[in-house]
1. Using 1/(1 + (r/R0)^6) with R0 = 25 angstrom and r between the beta carbons of A:Lys67 and B:Val55, what's the FRET efficiency to the nearest 0.05?
2. For B:178-190, what's the mean count of beta carbons from other chains sitting within 10 Å of each residue's beta carbon?
3. Just want to confirm a number: the relative contact order over chain A, from Cα pairs under 8 angstrom separated by 6+ residues, in percent.
4. Considering only chain B, pick the residue with its Cβ nearest the axis of the rotation onto chain A, and state the distance in whole Å.
5. For A:Tyr175, B:Tyr16, what's the fewest-to-most ordering of other Cβ within 10 Å of each Cβ?
6. Identify, among A:Cys32, A:Val109, A:Thr88, the residue whose Cα sits farthest towards the positive end of the charge dipole of the stretch A:10-231, taking +1 on the Cβ of Lys and Arg and -1 on the Cβ of Asp and Glu, with the dipole about the Cα centre.
7. Suppose the chain between A:Ala153 and A:Asp179 were pulled fully straight at 0.36 nm per residue; how much longer would it get relative to their current alpha carbon spacing?
8. For chain B, evaluate the Debye formula with one uniform point scatterer on each Cα (no solvent term) and list log10 I(q)/I(0) at q = 0.07, 0.12, 0.16 Å⁻¹, rounded to two decimals.
Number of protein chains: 2
Amino acid sequence: MPSTHILSAYDEELQYLARRISEMGGLAEQMCAQGVRALVNSDAALAQKVISDDVILDQMEREIGEKAIVTIAKRQPMAGDLREIIGTLRIAADLERVGDLGKNTAKRVIAVQSGGVPRKLARGLEHLSELALEQLKEVLDVYVTRSPEKAEAIRLRDEEIDAMYTSLFRELLTYMMEDPRNITSCTHLLFCAKNIERIGDHATNIAETIFYITTGHAPEGERPKDDTSNTLGAVNS
Amino acid sequence: MPSTHILSAYDEELQYLARRISEMGGLAEQMCAQGVRALVNSDAALAQKVISDDVILDQMEREIGEKAIVTIAKRQPMAGDLREIIGTLRIAADLERVGDLGKNTAKRVIAVQSGGVPRKLARGLEHLSELALEQLKEVLDVYVTRSPEKAEAIRLRDEEIDAMYTSLFRELLTYMMEDPRNITSCTHLLFCAKNIERIGDHATNIAETIFYITTGHAPEGERPKDDTSNTLGAVNS
């Protein structure tokens, strides 16, 4: 919650870190959205842009890391504020990986290009991506308001993405079985779907970090983690 | 390098963190090795053990995180020692994810069980896993000696794993094309291979963290990152 008193230099440093996290979040989101768009439209130029953006995102993470170290060394904060700053580092690491997932999807554009992406699968990927990016966006909003209750609610909502991923996974397998010529491109699409599903995992990680920053401890209970596609046996048997 | 003077309480705290990292590393390695063994032997009991071990690994990461916060708050270290402690947090996060990859492989044992893993593919997976775990073991040894040169050497050696992963990827695709009944189990094996390849990425991350701890800056130049399977087109065309 924004404080109403006049800001100290220290508060400004914390706010600087929070602002940089929001910027990183915006770029990581954009990379993932554009990675999927490049994939479904076979847009190699857009894919190349996403790949280049990853260098910027990595640089942002490094800058946040350096600023965090300087802030800790200068201010010597006690446990509560330390959690805040260290939480920033964790969130930055999650966002860096979200960007990597967007880049990995973009890199697969060329491999998939020849066959193109069938309309139905493209819609499935887009839908999954919208859901995952919506969750990422929400958790970044919660990072601004610092509500542990909202963080907890997001943490428990990853199941929807997992269910949709599992259904897409089945569909891709069926498609491969119908015609072996689909196998190569569908394999790449499987990895893309997995990339998108993992964005949801990172949103969940960020929710856990916010919970930790605001309460000082990890959320209770096992999170609803991992998709159920792991244990899916043969689709047609 | 171990100092010869009498240890201060602070040194002891740093050594405690380093020891816990080694323990985490040992467990994460074991989980990955056992995950692959469970997979190639269709050993559901061993898979279940790996899945349970992940709870312990997560707890270890949390303990390291708490100890690190307490150490920073109590000792108020300057930039050099701060990097050391924050590096510990980063390495713990990488090892936690390595364990997740082992668990994910273990979870796929049931899905793959019915078809079994053909001998040639099993050997490929085992070989890839040995290489990745060797790299992880080496980087954890370098963490003890803190040599930036050795860390840099490991960072540049990820290519071998990537090349082997790409070859296994091709082989799995060929296998799927030969007989569509292989598609489901080979898809799970593809994800397992990707899990193993990602162990190498985490070893590389840890090498970068060691470089950062010892030198105060990130290594120069783009690392040889990501496998080339991303851009593999149709195998049989």
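Coordinate-derived values only; no laboratory data. Model, not experiment: these values are computed from the prediction. Cβ atoms come from the backbone with ideal geometry, glycine included; neighbour counts cover every protein chain shown.
1. Working: r = 34 Å, r/R0 = 1.38.
Efficiency at R0 = 25 Å is approximately 0.15.
2. The shielding value for this peptide is 5.
3. Working: 300 pairs, mean separation 61.1, N = 237.
This gives 26 percent for chain A.
4. Closest Cβ to the B-to-A rotation axis, residue and whole-Å distance: B:Gln76, 2.
5. Lowest to highest Cβ neighbour count: B:Tyr16, A:Tyr175.
6. A:Val109
7. My answer for the length gained is 5.2 nm.
8. Rounded to two decimals, the profile gives -0.26, -0.70, -1.07.
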